[in-house]
Amino acid sequence: MPQFSFATTDCDGASGPDAICDLQDYGSAVTQARKALAAMALGGLPDEARPYSVRIYDGTGEILAEFSLEFHAEFYSSRYPDPMQ
């Protein structure tokens, strides 16, 4: 079975890559990365300075893919203060 590991970046910073795990194929690794990113979003949206991300590595440590979730807000009226600051 192919081996993969995952690294994440969230509001607490970067971690990983984690321990190597055996998965059926690359598609399974992609599915797992997407589920991990969705689970991270359940805790709230990322701030504008640091998007959430999940990176997939193969068994040798080569990065294969990265999935990220960014949040961006735009305020257009000068009559109201930016509530994000």
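Select the strands (runs of 3 or more DSSP E) contained entirely in the chain, then report the ones holding at least 3 residues which are at pLDDT 90 or above.
3-10, 52-58, 63-69
Assess whether Arg50 counts as being among the basic types (Lys, Arg) and either exposed (fewer than 11 other Cβ atoms within 10 Å of the Cβ) or touching a Leu at 6+ places or on another chain (Cβ under 9 Å) (or both).
When the stated conditions are applied, Arg50 does not pass them.
Out of curiosity, is Asp10 in contact with a Leu (Cβ under 7 Å, 6 or more places away or on another chain), surrounded by 13 or more Cβ atoms within 10 Å (Cβ to Cβ) and not hydrophobic (A, V, I, L, M, F, W, C)?
Against the criterion (in contact with a Leu (Cβ under 7 Å, 6 or more places away or on another chain), surrounded by 13 or more Cβ atoms within 10 Å (Cβ to Cβ) and not hydrophobic (A, V, I, L, M, F, W, C)), Asp10 does not qualify.
So, Tyr52, is that one over 13 Å from the mean Cα position of the chain (by Cα) and in contact (Cβ under 8 Å) with a residue 24 or more places away in the chain or not?
Against the criterion (over 13 Å from the mean Cα position of the chain (by Cα) and in contact (Cβ under 8 Å) with a residue 24 or more places away in the chain), Tyr52 does not qualify.
The values are calculated or read from the model by the stated rules, or taken from the named source; none is laboratory data. Because the structure is a prediction, the values reported are computed rather than measured. Ideal geometry is used to build each Cβ from the backbone, glycine not excepted, and the neighbour counts take in all protein chains shown.
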